[in-house]
Amino acid sequence: MIRRRLQFNIGVRAFNLTCLIHGRVDPMSEITLRDRGSLPINEPKTDDVVFEPQSQLQPDVRGEVNGGDGGEKVEDDLTPEGGYGWVIVGCLIAMNAGTWGVNTTYGVYSAYYLQNNHFSGGTTLGYAWVGGLSVACALLCGPLANFLSRMFGFRITMLLGAACIVLGQCMAGICKSFWTFLVCQGIVFGVGLGLTLVPSQPLLAHWFHTRLALAQGIATSGSGLGGLVLANTTRLCLEKINVKWALIINGLISCVLLVPSIVLLRGRHKAMGVRQAPLELKWLWHRGFVWVWLWGALCLMAYFVALYSLASYATDALGLPQTQGAALQSILAAGQMIGRPIWGYFLDTGGRLNLTIICYFLCGISTLCIWLPARSFGVLVFYALVQGMTGGTIWSAATPVVARVVGVKDLASALSIFWLSLVIPALVGQPIAIALLDYSRSHLGRSGAVAYYIPVGFCGGASVGCAMLLYGAKVWLQGNWKVFRRT
C-alpha cells in the first residue's frame, strides 16, 4: 500500500512539472489531488529556478545577440571593458597627435613670427589671441558638433572637422597679412578641432567603465607624442625651408593621421542609451556639475599660460637661444605623453576626483616653487617635465570626471556644456598673462625674469584654485566633507 502511494505521488509531481514547463497547469489538479490524500505541493518562490522555453535569440561570444534568421544584431548593454575599445584608443592617439599635437607647435611658430615680423600687423598680444581663439572656437563648437552628430552621425561630423583642420593650416601657409592668418589659424583650424574633439570624447565611455580614466589617459597621450615630434620637425622646417611649407606639411600630416582613424571609430550609442542633446543649459547650475566646469575654467587658463609662455620666458626673460626654447616645448610635450596614462591609472584606482585634485595641487605648487624662481635652462627642463605631466590632465580627466558626476547616459550632453563653458577662459588666458607682463614692465618698471612674477604667479594660483573648486564636486557626491574617501 505504501509502495503504491509513493508511486502515485511521484507520478503526480512529474505530471505537474510537465504541465508547468508547457504552460498548461490545471488550477484544480492540486485541490483534487489533495482531496485524494496526496502530499501537498510547494508553491513556486521568486528565487526558484523557472524553466522557460528556449529563446530564439542566443548571445554569441562577441556580446551580440543574433536573431534566428542570422540577420539583425543587437549590441549587449554591458560595457565590454576593452575589446574593440583598444582599437578606439589607438585611433584617438593618432587623432590627438594630428590635432592637439599640431596645436602645441603654435608656441614654436609664435616665437618665430615675433622674431622675424612675418605677418604685417602682427603684435605680441595679437599672436596671443590667435592661440586662444583656435581653442575657443573648438570649445564653442560643442552644441554644433552634437547637433551634426545627431543628424548625420559622428563620423561625418569628424571628417568635416578633419577637412577644416587641414585647410586651416594649409591656407595659413599662404597668408600674407595678420588678419587673414587670424581667420585661417584661429577660426577655421579651431572649428576643425571642435568638430573632431567633441564627438570623440564620449566614445571611450562606451567601451570602458572601471578602466575609463586609464584608457582616456593613454588616448590623450597622443597629443604629447604629436607635440614632441612636431615641435622639433616644425623648428627644422622653419630653419631649413620656410613658414609656408612648414604649415602645409603639418596640414598634410594631420590629414594622414585623422582620416583613417575616423573611419575606424565605432560607438555603442544605442546599447548605452546615450543622448545627443545639443544644448542643455541646466548643467550650468547643476549642484554637482557647477564645480566641474568652474574647475575646468581655472585650470584651462593656467594650462595655456604655461603652454604658450614657457618658451618665451626662456628666450625673452633669460636670453636663451630659440633652440632651447623649442626644446622646452618638446620636453613639456614629452611630459604630457608620460603623465596622462599614469594619471589615468591613478584616477581609476584612487578615485577620479581625488587624484585630479591632487594633480592640480602639484601643478600649482610646482609653478610657484620651480618656475617662479627659475634662472637656468636645467631648472626649466625639470619644470617643463612636471608641467607636462600635470598641467594638461584636464584633457584626459574631463570625460571620466564628468561621467562620475552625471553618468554615462548624460555624458555627451554635459560635455557639450562643459566645453562651451571653457570658451572664454581659453580665449583670455594667454592675453591676461601678456597684459600682466606688460603692466609689470610699463607700470612697475620690472625687466627680465622679475617681470614674469605676476603672470607666473597667476598661473600657479589658478592651478591651486581649480583644485579647491573640484573639491566642491567631491563633497556633493559624497554628501560629506571627508577628505580621504575614495570618490
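The values are calculated or read from the model by the stated rules, or taken from the named source; none is laboratory data. The structure displayed is predicted, hence computed values, not measured ones. Neighbour counts are summed over all protein chains in view; Cβ atoms, including those assigned to glycine, are modelled from backbone coordinates with ideal geometry.
Quickly run through the stretch 397-452 and pick out the residues that are of a type outside the set (S, T, N, Q), within 17 Å of the chain's Cα centre (by Cα) and farther than 19 Å from TRP207 by Cα. Once the filter is applied, which keeps residues that are of a type outside the set (S, T, N, Q), within 17 Å of the chain's Cα centre (by Cα) and farther than 19 Å from TRP207 by Cα, the stretch 397-452 yields ILE417, PHE418, TRP419, LEU420, LEU422, VAL423, ALA426.
Within the stretch 105-146, being part of a helix (DSSP H, G or I) and among the small types (Gly, Ala, Ser) holds for GLY107, SER110, ALA111, GLY126, ALA128, GLY131, GLY132, SER134, ALA136, ALA138, GLY142, ALA145.
Report, by residue number, each residue of the stretch 441-484 that is closer than 16 Å to ARG404 by Cβ, in contact (Cβ under 8 Å) with a residue 24 or more places away in the chain and not aliphatic (A, V, I, L, M). If the condition is that a residue be closer than 16 Å to ARG404 by Cβ, in contact (Cβ under 8 Å) with a residue 24 or more places away in the chain and not aliphatic (A, V, I, L, M), then TYR471, GLY472, LYS474, TRP476 are the ones that fit. Screening LEU347 with (1) closer than 29 Å to ARG235 by Cα; (2) crowded, with 24+ Cβ neighbours inside 10 Å gives one miss only, at (1). Looking only at the stretch 388-446, residues that are part of a helix (DSSP H, G or I), within 19 Å of PRO341 (Cβ to Cβ) and small (Gly, Ala, Ser) come to 5 in all.
Condition check for GLY378 on (1) of a type outside the set (Ser, Thr, Tyr); (2) over 15 Å from GLN216 (Cα atoms); (3) surrounded by fewer than 22 Cβ atoms within 10 Å (Cβ to Cβ); (4) in contact (Cβ under 8 Å) with a residue 40 or more places away in the chain: one failure, at (4).
Could we say that GLY472 is surrounded by fewer than 24 Cβ atoms within 10 Å (Cβ to Cβ) and closer than 22 Å to LEU318 by Cβ here?
no
Would you check if there is a residue in the stretch 413-425 being out of contact with any strand residue (DSSP E or B) (no Cβ under 7 Å at 6 or more places or on another chain) and surrounded by fewer than 16 Cβ atoms within 10 Å (Cβ to Cβ)? No, that holds for no residue.
The lone criterion from (1) at pLDDT below 90; (2) farther than 13 Å from PHE304 by Cβ; (3) among the aliphatic types (A, V, I, L, M); (4) not in a loop (DSSP other than H, G, I, E, B) left unmet by VAL483 is number (4).
To keep it simple, each residue is scored yes or no on (1) farther than 26 Å from TYR345 by Cα; (2) touching a Lys or Arg at 6+ places or on another chain (Cβ under 8 Å); (3) at pLDDT below 90; (4) charged (D, E, K, R).
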position	(1), (2), (3), (4)
VAL401	no, yes, no, no
VAL406	no, no, yes, no
LEU422	no, no, yes, no
GLN430	yes, no, yes, no
ILE454	yes, no, no, no
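Among the residues of the stretch 397-432, none is identified as farther than 22 Å from TRP476 by Cα and of a type in the set (Ser, Thr, Tyr).
I'd like to check something: does the stretch 125-144 contain any residue that is at pLDDT below 85 and over 22 Å from VAL423 (Cα atoms)? Taking every residue of the stretch 125-144 in turn, none turns out to be at pLDDT below 85 and over 22 Å from VAL423 (Cα atoms). Between ALA433, ALA462, the distinction of being more than 22 Å from ILE357 (Cα to Cα) and either touching a strand residue (DSSP E or B) at 6+ places or on another chain (Cβ under 9 Å) or buried (at least 21 other Cβ atoms within 10 Å of the Cβ) (or both) belongs to ALA433 only. Would you check which residues across the stretch 292-329 are surrounded by fewer than 23 Cβ atoms within 10 Å (Cβ to Cβ) and polar (S, T, N, Q) and list them? Across the stretch 292-329, the qualifying residues are SER312, THR315, GLN322, THR323, GLN324. In summary, helices (runs of 4 or more DSSP H) completely within the stretch 164-276 and bearing 2 or more residues that are modelled with pLDDT of 85 or more and crowded, with 22+ Cβ neighbours inside 10 Å occur at 189-200, 212-240, 243-264. The lone criterion from (1) modelled with pLDDT of 90 or more; (2) farther than 21 Å from THR390 by Cα left unmet by GLY465 is number (2).
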